Structures are given as C-alpha cells and as structure tokens.
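Q: One structure, pasted below without further comment.
The values are calculated or read from the model by the stated rules, or taken from the named source; none is laboratory data. Quantities reported herein were computed from a predicted structural model and do not represent experimental measurements. Here Cβ is always computed from backbone atoms with ideal geometry, including for glycine, and neighbour counts include all displayed protein chains.
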C-alpha cells in the first residue's frame, strides 16, 4: 500500500463537499509531477485530504477507489484523474505549522514543494501525521 496527500483549495472542493459526494474524481491537476503521482496511485492506497490556503491543514482520510483515467474536464489527453472515496475526518486537524515544526517531517514534499497538489508520503511521514492528529 502507498500513502498520498492531495491538496484542495477552500474554494475548489471542501471536506464538506467530499462528505456529501462520498466518492469523487480528483480533477483539475495541471502539473506534470502531480499528474505522474496520480498515475502511480493504486486502488486501496490511503490518501490524506489537505485543505490549502485558508487555515492549511490535513483534515481527513480517503482511499483510492479507481486508478487513473482521462480527466473528463478536458479533451487534453495529457491530464488524468483518480477517484477517491472519503474515509474518516481526523480527530484533530494537523496544521501546516505543526508539520513544519515536527523534525520527522522535514523532507516531506508538503514543506519542500509547497505548490505540489498530489504528493507521495513515506509510511513514517503518514504515521507521524496520524500521531499529530491524536494530540
């Protein structure tokens, strides 16, 4: 199993939208590295949902329901989507400040490549975020 973090802006797709929809395709990615990461996602992989911009924080869990396919929002065949299914909201949100302050997280793409919208996480990084959510 692989671990991922996907970012959503507060005016794009919210956790509340996700709760309503339960399963949704993750569209609009127009960055090659993020797209390549989506192509590596496998059904059943675990995904953190991250709210960016206003009060940036990891707020919940999801899983990959369907592996990549053509993005239905464009005719450009370079772009893909994956379907995500909602999991559980974290007990406590894990703010960007908390991630930055944790020495175990200094190599995570969330800090090193702050504009990347779909990123892999190592198991240790995933576990560290879960641990922070329990505080």
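Q: Looking at the stretch 116-134 only, could you name the residues that are within 15 Å of the chain's Cα centre (by Cα), touching a residue at least 60 places away in the same chain (Cβ under 8 Å) and not in a strand (DSSP E or B)?
A: Of everything in the stretch 116-134, those that are within 15 Å of the chain's Cα centre (by Cα), touching a residue at least 60 places away in the same chain (Cβ under 8 Å) and not in a strand (DSSP E or B) turn out to be 116, 117, 122, 123, 125, 126, 129.
Q: Please pick out the residue among 81, 58, 99 that is within 18 Å of residue 3 (Cα to Cα) and assigned to a helix (DSSP H, G or I). Talk me through it step by step, then tell me what you get.
A: Details: 81 fails: assigned to a helix (DSSP H, G or I); 58 fails: assigned to a helix (DSSP H, G or I).
Result of the check over 81, 58, 99: 99.
Q: Could you tell me whether the stretch 10-23 includes any residue that is touching a strand residue (DSSP E or B) at 6+ places or on another chain (Cβ under 9 Å), surrounded by 15 or more Cβ atoms within 10 Å (Cβ to Cβ), at pLDDT below 95 and more than 21 Å from residue 134 (Cα to Cα)?
A: yes
Q: Moving on to the next point. Could you please find all residues in the stretch 102-115 being over 22 Å from residue 36 (Cβ atoms) and assigned to a helix (DSSP H, G or I)?
A: Scanning the stretch 102-115 gives 103, 104, 105.
Q: So, in the stretch 61-78, exactly how many residues are free of Cβ contacts under 8 Å to residues at least 24 places away in the same chain and outside any strand (DSSP E or B)?
A: The number of residues fulfilling the criteria is 4.
Q: Would it be correct to say that residue 43 is assigned to a helix (DSSP H, G or I), in contact with a strand residue (DSSP E or B) (Cβ under 8 Å, 6 or more places away or on another chain) and free of Cβ contacts under 8 Å to residues at least 60 places away in the same chain?
A: no
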